[in-house]
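First the structure, in the form of structure tokens, and then the observations on it.
Just so it is clear, none of the values below were taken in a lab; they were calculated from the coordinates. Model, not experiment: these values are computed from the prediction. Reconstructed Cβ throughout: ideal geometry from the backbone, glycine too, with neighbour counts over all protein chains shown.
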Amino acid sequence: MNLTLKNSMRPGTPEFDKPNADLSGLEELGYILKPIDTLRVLNANPRAKHPDYPLANQDIGRRYFDVVMSGPDTEVEFGTWPAPPMGPVLRNGHLDTEGTGRGHFRGVVAILEDGTVLVDRADGASEKDLKQRFSSKGNPLVGLCGGGALLVHNGRKVGDIDLMRNQLYGGVPGGIRARSMLKGVHLYIGIRKGKAYAGITFGRSALNMQEDFIAFGFGAMVKFANGGDVYFNDGETLITGQSAVGLGIKVRR
């Protein structure tokens, strides 16, 4: 994986140490944005090895995280709770789940041992596939949250054909106009000039999000949960969705 300013945030680089950008223009469009310092993948599924506390029980604004948000959408299976996530989940260097099989080529947030954060595309969902794609020499993959809709890649819009054929956002219509892409509540993580940002929007569609993030210089952006799967808590805004998989974020001041 080629690490660039468009797809990664790397601690210790000049870009990482720069002051946070003024993104008030995005906030005026209805986005809540949080600059990321560090993040960790959370999985509260009681069947996971060493499960985390549920997202709602994480300690916001004190010892651990400033923000907790859910990751991929989930897919309901009869008799199963919590419902399995669409994409793979890897914590502490080991795979928890490959997901439902729909997220093998969807967007991911990957975390390397030195704290590097990547927003890119999966190429398979097994532990071997994920480590082969995202690990660097001397800097292994330690965390990954997959199954999101990769909407911006290399500073460009990801097209309908990709979203339908590779990322499996089907339906009539599918792709960028699939039901999960319509205006509503959406979570996202993006990379802008070597810095990572996370947040939530309440009234934009996936098509709006593509246009907005590209206009503000983002090189990569993945959209995670929408609707009832959304959990978001930054100490001020609280949305209490039911997802068991998410991300704990320390905000960069």
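Between N57 and K18, the modelled labels are 4.2 nm apart [label points 7 Å from Cα along Cα→Cβ].
The mean sequence distance of close C-alpha pairs (under 8 Å, at least 6 residues apart), as a share of the length of the chain, puts its relative contact order at 31 percent.
Whole Å is fine, so just give me how far the alpha carbon centre of region 179-253 lies from that of region 1-63. Value for the Cα centre distance between the two parts: 10 Å. Here's the picture: charge each Lys and Arg Cβ at +1 and each Asp and Glu Cβ at -1 in region 24-251, and of S136, P88, A196 the one pushed furthest to the positive end of that dipole is S136. The helix-based estimate of mean residue ellipticity at 222 nm for the chain, built from -39,500 (n - 2.57) per DSSP H run of four or more residues and divided by its residue count, is -2500 deg cm²/dmol to the nearest 500. Charge dipole (Cα centre; +1 on Lys/Arg Cβ, -1 on Asp/Glu Cβ; no other charges) of region 144-253 amounts to roughly 320 debye. Look at the dipole of region 24-251 built from charges on Cβ: of V230, V158, I32, the Cα furthest out on the positive end belongs to V158.
Can you flag which of K157/K250; K128/K250; K128/K193; K223/K250; K18/K131 are past 24 Å Cα-Cα? The pairs that break the limit, which is 24 Å between Cα atoms, are K157/K250; K128/K250; K128/K193; K18/K131.
Can you sort T80, T74 by how many other beta carbons sit within 10 Å, fewest first?
T80, T74
Loop-located chymotrypsin sites (Phe, Trp or Tyr not before Pro) in region 93-185 (DSSP state other than H, G, I, E, B) with a sparse environment of at most 11 neighbouring Cβ atoms within 10 Å are absent.
What's the magnitude of the charge dipole for region 24-251 around its Cα centre, counting Lys and Arg as +1 and Asp and Glu as -1 at the beta-carbon? Answer in Debye, nearest 20. Value, rounded to 20: 360 debye.
Remind me, relative contact order of region 160-206 in percent, using alpha carbon pairs under 8 angstrom and six or more residues apart?
After rounding, I find 30 percent.
For Cα extents along the principal axes in Å, several values are listed as [x] 55, 52, 33; [y] 71, 47, 38; [z] 48, 41, 37; flag the one computed from this structure. Structure-derived value, by its label: [z].
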